[in-house]
Structure formats: structure tokens, C-alpha cells
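Step one of this worksheet: look at the structure below.
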Amino acid sequence: MKYEKEGREILELVGGGENVRSLVHCATRLRFELADEGAADDDRISALPYVLKVIRSGGQYQVVIGPAVHDYYLAVLDAAGMSPDDTPAEKGGGAKQSPMDALLKVVSGAFSPIIPLMAGAGMIKAVLTLLTTLGLLSDASSTYAVLAAAGNACFYFLPVFLGYTISNQLGANPFVGAAVGAALLDPSFTGLIDVEGTDFLGLPLQEVAYGSTVFPIFIAAPIYSIIDRGLRKVVPQAVQLFLVPMLCLMVVVPFTALVFGPFGNNVGDAVAAAVNWLFESSTFVAGLVLGAVYPFLTVLGLHWGFTPITLQNLEVSGGDFIEGAAVCAVWAQIGIALGCFIRAKRGSKIRDIAGPTAITGFFAGVTEPILYSIIMEHKRLMAIVAIAGGLGGAWNGFVGATMDAYVFHNIFSIVTLSYGPMPLCVVGMAISAVAGCVLTVLFGFTEEDAPALEPAATHDAAALVSNPDPDAGEPAVVTGLSSPADAVTVSVVSPAQGRAIPLSEVSDDLFASGAMGRGAAVVPESDMICAPCDATVTMVFDTKHAIGLTTPEGVELLVHIGIDTVKLGGEGFDAKVAVGDTVKAGDPMMAIDRELIASRGFSLDTPVLVMNSDRVRAVNPAAPGQVECGAPLMDIEL
């Protein structure tokens, strides 16, 4: 079997066959569910020459391989004595999680879907602050009232949104979960606030305003999901449709009003008070530590734990010290990306990644591509991000900086005066950005990192044919790749009607960073994925979410339909081509059910990647915007 040795090697390093509960793969990654993730050796796996990265995310242990992942998948299954039909149940049930891991998973899953909404609404509030500060809009005007409603609604009705997202990930009816949150905001309930002697069946009600709260619904929604599962076991199927939601609401809403809500509200107040006490005790030390460790908390997913506290602080105090210091960690990462861009030579892989990711961080405040694709790949940069973030965080902590609206940390949040005291807070951000950039240029790399800073070697067809692939044990023939003296351009068109976006905007850090290959992407607005060029179909994944193509010139393309859609197991996909078929640009390749895919919570972002990017001169994406199927998407220079 191909990659038999590598399959045994990977299996051994993840803890052996007895540690693997299940294994699936997508277009680039082996996705393990392990009984004990601690038994996997990240360092040794990452050091394997055919492994690009190791990621722990969403309860999965992901080993990033690249386009040959299917062959490695089969090799690992063979080494483990498993078949593709094996399920987690057959391997001993689902993986056990510690209470902290389970809590963080719920928090992350609750906030992830609504973070863009919160960021957008937060920016509206920030813009209103700017307009009123400059005297361009009166806070007593009807225009202000309408825009304020647009900015405030997300936060006031947060219990409704969280009731939905928490219940959804716990397997209960999300609309009932949302209704629990909505009940706490219903006028008939809020009208009881400040009314003395209120009770429910003789039990006293605590006066609590639940608008913009987080902690009460984090207690109520999981309790609801437990009751929902229990009722479905005993209520006859014929009446479950109305009886289960009715009983759940009749039980959960009163208990939330009597117990869960007041308790959660008190917990939120206590946590916020503890954080405020920490900053009041030593703002300098608190800011230093938070600014230094925040990037690493992001890698571990622990940063989600701050979100409820941040929202609580914004509601109670009008400003949040945590994000007031953590903003410096974001600018430290942007500074490092800029330093890498300056330090590396034109045409080098790290420079190609650093430029786009620095721009994304500067304008959007999204720095995960910098973190995963640059910083975590070089030990000195990990030290530099801690130093730079800590320096700015210490300053911001010392001056009492706060984030005063829920925003993504970027240039626009500065322009809209989303921090205070504004000038002093910007000084802290600048300290981190400059320190990150300068330290990266001067000390960021060792001699061992030199190859990453140099341009990729130019290959011609003869060299590629004569240079064997040591892993595969056979020549790496790429038919038709031209030499520099014989330049060729391969035109790639949009595989669907929709919106073309830069690869850096794809909602997956690995694709967005360019680590899996250069290219462009489209967000389909039609239900047919077509061939992006004349090519031969070389791969159709079993789950149908990705198609591999090879052009007559030897360019290897991957059309990856949606993000994480491998989890659908082929549902919502109908292949119109098979391996070996020859297609022309615009020929139908895959019918998709966009409504189903979106309803399951998956992004429809569809990257078109050049998988042998190192063997082409340049990949030039077309301008982003609305496109028809067959419109230019990118040009590939050979």
C-alpha cells in the first residue's frame, strides 16, 4: 500500500490504534477523534517531512497533510486495522472531555456564530460615539435613535441569540432555547422589575434585568437541553411535537426566573468584580501578563472564556479592562507580520504570507493567520509576541485603558474612538506594534530559519521530471510545466455564480494564510459548481466536498466546496464527474444544496487552490466582487 510506512508512523505518534476512536479526512487534513489527546506527540508529528501542521480544534486532532491526504488516510486505517465504515461507537464511544474542556467548547460554540454580528453592532455603537463626540449628530435626534437600535439590539437580545446557539450545539431544539431567553425580555416579565412583592406560586422573584446578560442563559440553556432529552425518552412520539416544547418552557422559564437567572446574574457580577479587583490591585502586572499570554490563550481556545466577562464589564461598567490590555497582543502580531514582510526576501513563502495577513489584521483585526502560519512556526517569534504584547499591555494596564464598545481590534476601532483614555491607549498599541516589528527584523530568525526567508527555487520541467519524490518513491513528473524562457499563462474562471473574495478572507485560517497553496475563492450563489478551466479530474473525494483537477500544462488545482463540509459525509452534494473525466471550463462538476449546507452551519466559501504553487511563477487573482460562472478568477503564470 502507498505510504504504508508513513501510516504506521502517524498511528504510532497519535498513541496507537487503541487511542483512535474515529478517523475521517477532508481535502487536506486527517481528523482524528482520540481517546486521549495527551498521548499524541505534537512535536514529533509536526517534524515529519510530509506533515504541514498539527491543529487541535473542535474536539478533533487534525494532522494537515495536503492533497495526498486520502492516501495517508487509507494507510493509517490499514495500520490501525480499521475500515472507513468504523464509527466512534464501534471504537468505544465518544471521547471523554474534562469539565473545563467541555465548558470552553460550549462557550466557543455559543459565541462563534454571533461574533460577526456583535462586532458589526459594536462598530455601529462606536461610530455613533464618534459622531456625537464631533457634534455631527445629536443623541436626542430620531436618526440617532434608529441607529442606536441597530447597534443595541444584538446586545440587549443576547440571551435570545445565546439560547439558540447553546441549545443547538447541545442537540436540543434551538428555537425553544431562544424562547427561554426571549421570555426573560418579554414586557410582561420585565414589567415586574422594581415591583415589590412579586412572586411565582408564592415563591419570591428576585428583581433582575436580563437584557445584555450572558451568565443566566448559560445556565438555563444547558438545563433545558437536559430536560428536553429526558422528556423525549418518555413522551410518546405522536405528541412530542407540541408537548415537549410546552413542558420545557413551563418548567425552564419559571426556574430561570426563580433560580438560574438570579444565580447566573450574581455569578457574572462576582466574576466581573474579581477581574476589576485584579486590575485595581496591580494594573501594570495584570496588563503585562494578559498582553503577553493572550496570543497563546487564543491558540488553545481559552480566550473565549473572557467573552462573557467582557460583555458583563461593558454592561455594568461601560468599559472592559481585559480587552483594553488584550488589544496590544493583536497589534503585536500585526507588527510581527510587518517585520517578517520587511525581513524576508521577495518571493519567499513567509513574505507571501506575511503581507496579506498583516493587511487582514490591520483592517479586520483577524490575526489567527499570523498566529498559526508565522508565529507558531518559529520559536523566537513566540517569545517576541509575548514581549511585545506584554510591553503594550503593561502600559495600557497602567493607564487604565478600556475597550468601551464590543469591536474587533483594528484601525477602524481606533478611528471610532472605541477605547479610553483614547490617546494613552493608542500609545500602548503602538508600543506593541513597533516592538513586534523591530524585534522581528533584528532578532526574529535564526540560521535554521534562513530557508523560509529565501525565495523558492525556480523549477523547470526537466528538473521536475528528473527529481524523484523521496516520500512516494517514484519520479514527481509534472507534464508540461514550462521553463522561464517559455512563459505560459493558465486562466482560471469562477466555478460558480457568486461573490469572488481574496483567499485571505476565506473563513478558515489554514486556507486564508496560503499555507495550503495560493489561489482565490468564491462564495457560491448558485447550486452548481462548474469546472474552472480545461482539465482532467484527478480526484473526487468520497464526501464529494472537494475535486482535484490537473490542467494540460500540469497545474494541479483543488476546488474545495465549503469549509469543514467533509462533516456532511456527502449529504448535499451530487457529483456530475468522476476520476478520469475530461472537463472544459464551465462544465458542471458538482450540484450542491446550498440551503442544506448553510442550515447545518457550514460556510460556503469555496477556495480554488493551486496545489503545486511552488512550481509556478505567480498566481494573480482577479479583482473581488460579484462574478458570473465563467468570469475570470485568477491567472497562473508558469
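The values are calculated or read from the model by the stated rules, or taken from the named source; none is laboratory data. Being a predicted model, the structure only gives us computed values, none of them experimental. Note: ideal-geometry Cβ built from the backbone for every residue, glycine included; neighbour counts use all protein chains shown. Note: areas computed on protein heavy atoms with side chains; ligands, DNA, RNA excluded. Shrake-Rupley method; radii C 1.70, N 1.55, O 1.52, S 1.80 Å.
For this structure, a couple of remarks:
- Pairs where the first residue, in segment 133-159, is open to solvent by less than 70 Å² (accessible area, probe 1.4 Å) and the second is outside any helix (DSSP H, G or I) and hydrophobic (A, V, I, L, M, F, W, C), C-beta under 6 Å, 6+ apart: Y144/L137; P159/L184
- If you check A209, A273, A257, A238 for being in a loop (DSSP other than H, G, I, E, B), at pLDDT below 90 and not polar (S, T, N, Q), only one passes: A209.
- Among the residues of segment 160-184, those that are open to solvent by 30 Å² or more (accessible area, probe 1.4 Å) and in a loop (DSSP other than H, G, I, E, B) comprise L170, G171, N173.
- Residue satisfying condition, being within 17 Å of A286 (Cβ to Cβ) and either in contact with a Gly (Cβ under 9 Å, 6 or more places away or on another chain) or buried (at least 17 other Cβ atoms within 10 Å of the Cβ) (or both), within set T416, T402, T440: T402
- Residue match in segment 278-297 (condition: modelled with pLDDT under 80, surrounded by fewer than 17 Cβ atoms within 10 Å (Cβ to Cβ) and closer than 26 Å to F511 by Cα): yes
- Within segment 198-208, considering residues that are of a type outside the set (D, E, K, R) and more than 14 Å from T256 (Cβ to Cβ), the one least open to solvent (accessible area, probe 1.4 Å): T198
- Cross-chain or 6+ apart pairs with Cβ under 9 Å, segment 236-254 first and open to solvent by less than 80 Å² (accessible area, probe 1.4 Å), then part of a helix (DSSP H, G or I) and modelled with pLDDT under 90: Q240/R232; V244/R232; V252/F260; V253/F189
- Count of residues meeting criterion [open to solvent by 70 Å² or more (accessible area, probe 1.4 Å) and touching a residue at least 24 places away in the same chain (Cβ under 8 Å)] in segment 209-235: 1
- In segment 21-50, residue farthest from H560 (Cα to Cα) [restricted to those that are open to solvent by less than 30 Å² (accessible area, probe 1.4 Å) and free of Cβ contacts under 8 Å to residues at least 40 places away in the same chain]: A40
- Hits in segment 487-514 (condition: open to solvent by 50 Å² or more (accessible area, probe 1.4 Å) and of a type in the set (V, I, T)): T489
- In segment 185-196, the residues that are closer than 17 Å to P159 by Cα and surrounded by 14 or more Cβ atoms within 10 Å (Cβ to Cβ) reach residues that are modelled with pLDDT under 85 and aromatic (F, W, Y) with C-beta atoms within less than 7 angstrom, at least six apart or across chains, in these pairs: L185/Y210.
- Hey, V127 assigned to a helix (DSSP H, G or I) and surrounded by fewer than 17 Cβ atoms within 10 Å (Cβ to Cβ) or not: no
- Considering segment 325-382, and only residues there that are β-branched (V, I, T), within 22 Å of the chain's Cα centre (by Cα) and over 22 Å from S46 (Cβ atoms), the residue that is surrounded by the fewest Cβ atoms within 10 Å (Cβ to Cβ) turns out to be I359.
- Only residues that are in contact with a Leu (Cβ under 7 Å, 6 or more places away or on another chain) and over 22 Å from V293 (Cα atoms) were counted in segment 387-417, giving 2.
- Applying the criterion of at least 2 residues that are touching a Phe, Trp or Tyr at 6+ places or on another chain (Cβ under 8 Å) and either polar (S, T, N, Q) or in contact (Cβ under 8 Å) with a residue 40 or more places away in the chain (or both) to the strands (runs of 3 or more DSSP E) found wholly in segment 576-638 leaves 588-592, 606-610.
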